[in-house]
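Single-structure report; data block below.
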Amino acid sequence: MRLSSRIAAIVSAAVMAGGVSIAAAPTAAAVSIPSACQYEWYNSHNAKATTSVNLRTGPSTGYKSLGILSKGTGFTHHCLAYPNGTNWAWGKVTSGANKGRTGWVAYTYLTN
């Protein structure tokens, strides 16, 4: 039985047994996507930095750097913006010195 099916069965049994009140929690995929995003992925994409690259506050080199992602740093991106013809990915750093930070990375410097 799939995990989601097992959870649904447990929740149903709990509700019927005692009238349990349940609040839905946001899923792991539920993130607050910035308004600058022009294309949002249906599922987030896991990537790694191909070289040292800036994590920025916005989708261009004109925005402040939040830190450097070294080659091989994990980055999960949720959407893209393409101002002035350059693709920028917005997401969360998943490894390295900036783990947990969100920001923008030039898409050219990411790979699967």
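The values are calculated or read from the model by the stated rules, or taken from the named source; none is laboratory data. Note that this is a predicted model, so its numbers are computed, not measured. As a convention, Cβ positions derive from the backbone with ideal geometry for all residues, glycine included, and neighbour counts pool all protein chains shown.
Look at ALA106 and say whether it is crowded, with 16+ Cβ neighbours inside 10 Å, hydrophobic (A, V, I, L, M, F, W, C) and farther than 14 Å from ASN46 by Cβ. Yes.
Among the residues of the stretch 55-71, the ones that are under 14 Å from THR108 (Cα atoms) and outside any strand (DSSP E or B) come to 4 in all.
Name every residue in the stretch 72-94 that is part of a loop (DSSP other than H, G, I, E, B) and in contact (Cβ under 8 Å) with a residue 40 or more places away in the chain, in order of residue number. If you could, list the steps in order and put the result at the bottom.
Within the stretch 72-94, the first condition is being part of a loop (DSSP other than H, G, I, E, B), and the residues that meet it are 72-73, 82, 86-87, 94.
Scanning the stretch 72-94 gives TYR82, THR94.
Filtering ALA97, ALA30 for residues that are part of a loop (DSSP other than H, G, I, E, B) and modelled with pLDDT under 95 leaves a single hit, ALA30.
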